[in-house]
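S.K.: One structure, pasted below without further comment.
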Amino acid sequence: MIFAAMLAVSCGVRMRAPAAASPVRAVHTITLPGASSTGVSLDYLAYDRAHHQVVVPGGETGAVAVVDVRDERIAIVPGFATAEVERRGTNRMVGPSSATVGDGVIYVGNRGDSSVCAIDSASLRVGPCLKLAAMPDGLAYVASTREVWATIPRDKSIAVLDAKTADALAPKAMIPLPGTPEGFAVDDTRGVFYTNLEDADRTLRIDLATRQVTSTWMPDCGEAGPRGLAIDRSSNVLVVACTDHLVALDAAHEGRRLATMDVGAGLDNIDLLESSHDVYAAAAHAATLTIAHLDARSAFTARAVVATRVGARNAVATEEGVAYLTDGAEGKILVVTPTGP
């Protein structure tokens, strides 16, 4: 398939973000081609730093939008399968929903046919797809082993895919879990993969080499469970996203709780910019993006709280601190740009 280019704080103490932070961010939107009047289902985004592009799997559109962050031109990669599925008594269309970036390759997870496909990052040509036993949720590329790890909530497992040859994805292993995986973070330096158990309010530490769970931590997110994860490798601090707050865990000392911060309801996936130690947390119900700094004491302070839109979530950030959020109801991407110190 060939792409079609289109323009178009201290231990156990919860810190509350200030009610009115200084307005140091500007917000604008990018409309996604192919979105209907009812919007488009958007979940995980990915940022390809080498190619300066944000990858937007487009759900029921059956396409992946690739946004060049330098000029906001959009390239559309079409041809992905879609399917109608029943969830909680409602039928809905599903399609590509997650992405991760490898070495010159973008990997896209598709709920429409339970597959993972490889896309060349430069040409945006779609390569081979590998069908899994059940729908993939989150995808993570593991550079040290050249693998793609896919969380599979319905099977309570993680599928490990061999990605040594970009045009020949192959099944490698299955990791059974004692609950439903949600979120992921990779620490290649220490050989560790992290995921949450949404239905058990647990965070798991998994050894990349043995693929065994080596630790189970309690983020205490509550009945709704934990969602996203991000690792600050230099400080070895793992940040867990609960549905309305962030939790910092000491990954060097068995997940000891270091700090928490309220960020508003509707939190899902998060991003962490390691160069600045800033966490980007978009709360869909609160309609805010909190940019939380993780300082040398592993405490949170709010750099900014930006008004967004109801439903906007799952931010990814560039090295320049520009954040991209999904706004599925409107079929748009929200762009939050620094305008001051």
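The values are calculated or read from the model by the stated rules, or taken from the named source; none is laboratory data. In this text the structure is predicted, and so the values were computed from the model without any measurement. Heads up, the Cβs are rebuilt from the backbone with ideal geometry, glycines too, and the neighbour counts pull from every protein chain shown.
S.K.: Yes or no: the range 63-79 includes at least one residue that is of a type outside the set (A, V, I, L, M) and either under 19 Å from E182 (Cβ atoms) or buried (at least 23 other Cβ atoms within 10 Å of the Cβ) (or both).
M.R.: Initially, the range 63-79 is screened for residues of a type outside the set (A, V, I, L, M), giving 68, 70-73, 78-79.
Imposing the further condition that a residue be either under 19 Å from E182 (Cβ atoms) or buried (at least 23 other Cβ atoms within 10 Å of the Cβ) (or both) reduces the set to none.
No, the conditions are met nowhere in the range 63-79.
S.K.: With the condition being within 19 Å of T195 (Cα to Cα), I'd like the strands (runs of 3 or more DSSP E) fully within the range 219-306 carrying at least 1 qualifying residues.
M.R.: Numbers: elements: 229-232, 237-241, 245-250, 256-262, 267-273, 278-283, 288-294.
Qualifying strands (runs of 3 or more DSSP E): 229-232, 237-241, 245-250, 256-262, 267-273, 278-283.
S.K.: Under 26 Å from S41 (Cα atoms) and either in contact with a Phe, Trp or Tyr (Cβ under 9 Å, 6 or more places away or on another chain) or buried (at least 21 other Cβ atoms within 10 Å of the Cβ) (or both), is that true of L229? Walk me through how you get there before you give the answer.
M.R.: Working: under 26 Å from S41 (Cα atoms): yes; either in contact with a Phe, Trp or Tyr (Cβ under 9 Å, 6 or more places away or on another chain) or buried (at least 21 other Cβ atoms within 10 Å of the Cβ) (or both): yes.
For L229, the condition - under 26 Å from S41 (Cα atoms) and either in contact with a Phe, Trp or Tyr (Cβ under 9 Å, 6 or more places away or on another chain) or buried (at least 21 other Cβ atoms within 10 Å of the Cβ) (or both) - is met.
S.K.: Among S98, S121, which is the only one that is surrounded by 24 or more Cβ atoms within 10 Å (Cβ to Cβ) and in contact with a strand residue (DSSP E or B) (Cβ under 6 Å, 6 or more places away or on another chain)?
M.R.: On the way: S121 fails: surrounded by 24 or more Cβ atoms within 10 Å (Cβ to Cβ).
Selected residue: S98, the only one of S98, S121 that is surrounded by 24 or more Cβ atoms within 10 Å (Cβ to Cβ) and in contact with a strand residue (DSSP E or B) (Cβ under 6 Å, 6 or more places away or on another chain).
S.K.: A further question on this structure: Output the qualifying pairs, or none if there are none: Cβ atoms under 6 angstrom, residues six or more apart or on different chains, first residue in the range 141-159 and more than 17 Å from P96 (Cβ to Cβ), second residue of a type in the set (D, E, K, R) and surrounded by fewer than 17 Cβ atoms within 10 Å (Cβ to Cβ).
M.R.: A143/D188; S144/D188; R146/K164
S.K.: Could you pull out the residue among P33, P23 that is part of a loop (DSSP other than H, G, I, E, B), over 30 Å from L246 (Cα atoms) and at pLDDT below 95?
M.R.: On the way: P23 fails: over 30 Å from L246 (Cα atoms).
Exactly one of P33, P23 is part of a loop (DSSP other than H, G, I, E, B), over 30 Å from L246 (Cα atoms) and at pLDDT below 95, namely P33.
S.K.: Would you be able to tell me the number of residues in the range 181-218 that are out of contact with any Lys or Arg (no Cβ under 6 Å at 6 or more places or on another chain) and either polar (S, T, N, Q) or not in a strand (DSSP E or B) (or both)?
M.R.: Looking only at that region, the number is 16.
S.K.: Every residue in the range 174-218 that is under 20 Å from the mean Cα position of the chain (by Cα), closer than 15 Å to V142 by Cβ and of a type in the set (K, R), please.
M.R.: Within the range 174-218, R205 is the sole residue that qualifies.
Residue by residue, here is whether (1) surrounded by fewer than 18 Cβ atoms within 10 Å (Cβ to Cβ); (2) in contact with a helix residue (DSSP H, G or I) (Cβ under 6 Å, 6 or more places away or on another chain); (3) closer than 17 Å to C242 by Cβ holds:
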| residue | (1), (2), (3) |
| --- | --- |
| D268 | no, no, yes |
| E274 | yes, no, no |
| A281 | no, no, yes |
| D295 | yes, no, no |
| A304 | no, no, no |
| A317 | no, no, no |
| L325 | no, no, no |
| V335 | no, no, no |
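S.K.: Can you tell me which residue is surrounded by the most Cβ atoms within 10 Å (Cβ to Cβ) among those in the range 188-226 that are under 19 Å from D43 (Cβ atoms) and of a type in the set (D, E, K, R)?
M.R.: E198
S.K.: Now for a separate question. With the structure loaded, tell me whether R88 is among the basic types (K, R) and under 19 Å from T326 (Cα atoms) or whether it fails that test.
M.R.: Numbers: among the basic types (K, R): yes; under 19 Å from T326 (Cα atoms): no.
The answer is no for R88.
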